[in-house]
Structures are given as structure tokens and as C-alpha cells.
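Everything on this sheet refers to the single structure shown next.
The values are calculated or read from the model by the stated rules, or taken from the named source; none is laboratory data. Keep in mind the model is a prediction, meaning the values are calculated, not measured. As a convention, Cβ positions derive from the backbone with ideal geometry for all residues, glycine included, and neighbour counts pool all protein chains shown. To get the accessible areas, we keep the full protein, side chains included, count just its heavy atoms, and leave off ligands, DNA and RNA. Shrake-Rupley method; radii C 1.70, N 1.55, O 1.52, S 1.80 Å.
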Amino acid sequence: MMTDSDLLARGELSLHGRLVAASNGTYQGSVSLDGETATVVYKPIEGERPLWDFPDGTLAQREFAAYVVSETLGWSVVPPTLLRDGPLGEGMVQLWIDEAELGAGETELVDIVPQGRVPKGWVGVLEALDGRHNPVTLVHADNDALKRMAVFDAVVNNADRKGGHVLNPGDGRVYGVDHGVTFNADDKLRTVLWGWAGDPIPADLLDDVRRLADQLAGGFGQQLCELITTVELTATRERCATLLKTGSFPYPSDDWPAIPWPAF
């Protein structure tokens, strides 16, 4: 049986159209091979805008590095992703994730509710005023899948975990997308998943981070340096060490905006 990775790597890549809301060149397309077809996102390196605080490498490389770390952790937080050639040159190709349709009374995993009305099974992140100056609270679900994502973001130093970057296919899994601004050597963690700040990280997740830290010190770290710099690899190892030392979800930094804008 053909795997998603085989289809992404060897399938013929065709483009359907550009996703105009994206700040960099981003296209929806499909890959087809031996009668099988899958919808994908394609981000060619040629369409990337330079970022002053990410001067090395490419966003596509960072997207792929995030996937590789996710798989090494065994968490599958990132949809199947790889680097390959395409109609507009080399870039990142990632399996498209269709979100489940919400039923009556259901909401996204990250939401905004009236202030003081955090639903049962959810946690509050911050209180603010909406566009009509009504007091509201940013909330997210309190579940194991999002906890994995929050720890993953802390490991890869994700500077852009918006609510719209959290995808729920409806099968119990949760995927995160848009990891082009990750692995910076400076602390840039910016996320909507701050609801557990200071809480203990579950022991099984810490065990996985410890295993990753060991691999980053060896051959896997050397492989990762084909995608990120040696300074960024060192910073990733240090972030793992901090998580293992504190055993807690991190707090926001005072030196960097804690919430991405827009938040969704």
C-alpha cells in the first residue's frame, strides 16, 4: 500500500490555485501516482519573502524540519511534509488536512467567548475587548492533543501558532500547520496555547522530549543541520533541557509578544 510520503515524493504535482490570504506564495494542488491522488499545499521557495529575523535557510526548510522533529517525537503533530521540486521550483509540499464540519453547539479548538464564560473542559488564555468593545476571553480546549502541540511549539520555538493553524480533522487527532518561522535561536514563542503556562507537563511527553534531546546530540542533530543552522540546533537542545529541568509548560517571555496577530 502506498504511503502518504511516497505519494508526496513521487506523485505528479499539479496546481489548482493560489491561497491569496497567505503572506508568502502558497498554492493548493494535488499529487497523483498510480491511480491515487491527494490534495496538498505547495509553498515554493521562490515565493518566500525575506524576514530580517530569519536570515538563514528558507521557510520551506523550517517547515520540513518541524515535520521531522514531530515524527521523531512520535507525535505526528505536523501533516506529512517534504521538500521537492514543483511547477514553481523547489519548495515544501504538505498533505492537505480537511477539517471536520462542526455540529450544533460545537466550536473550533481555539475560540473566543464572552468574558467569564469559559466552557467546561476549556482553559482561558487572556481577557480582552473585541471589535465592538465587548469583554471577551481567548480560550482553547483542554485536551491531550493540544498539550502535545503546546510542548512541540516550545521545542521548535514556534513564533506563529494562530488559532487558524490548529486543524481538527474530527478523528481525535489535531494537526498544526504553517511552521516557517520556527527554530530561531532567540526566544520567539508566540502562540494561542498559553492556557497551561506553569502547569506540569505530562510525564509521557517529557519522556519523549528526553529521547529527542538524546537524538539531537547525535546523528539526528547532524541531519537536522541540513535544514537549520548549528546555532539553532544548539538552541533547540537548550529548549529541550529547560523543559526537562522545569517539567512545566513555559510562561510567555517579557521580551516578545506572546500572542500572534491576528490570533486566528
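Observations on the structure shown:
- Some residue of the range 230-249 being touching a residue at least 12 places away in the same chain (Cβ under 8 Å), touching a Cys at 6+ places or on another chain (Cβ under 9 Å) and at negative phi: yes
- Verdict on Asn143 being free of Cβ contacts under 8 Å to residues at least 60 places away in the same chain and either over 11 Å from the mean Cα position of the chain (by Cα) or open to solvent by 20 Å² or more (accessible area, probe 1.4 Å) (or both): yes
- Any chance Gly172 is out of contact with any helix residue (DSSP H, G or I) (no Cβ under 8 Å at 6 or more places or on another chain) and surrounded by fewer than 13 Cβ atoms within 10 Å (Cβ to Cβ): no
- Among the candidates Val155, Val136, Val93, residue that is of a type in the set (A, V, I, L, M), under 27 Å from Thr26 (Cα atoms) and in a strand (DSSP E or B): Val93
- Within the range 198-212, the set of residues being open to solvent by less than 30 Å² (accessible area, probe 1.4 Å) and out of contact with any Leu (no Cβ under 9 Å at 6 or more places or on another chain) comprises Gly198 only.
- Listed by position, the strands (runs of 3 or more DSSP E) contained in the range 1-55 that have at least 3 residues being under 22 Å from the mean Cα position of the chain (by Cα), at pLDDT 90 or above and not aromatic (Phe, Trp, Tyr) are 27-33, 36-44.
- For the range 213-224, the set of residues classified as of a type outside the set (A, V, I, L, M) and open to solvent by 40 Å² or more (accessible area, probe 1.4 Å) consists of Asp214, Gln215, Gly219, Gln222, Gln223, listed by residue number.
- Selection status of Ala128, at pLDDT below 90, more than 24 Å from the chain's Cα centre (by Cα), open to solvent by 50 Å² or more (accessible area, probe 1.4 Å) and among the small types (Gly, Ala, Ser): no
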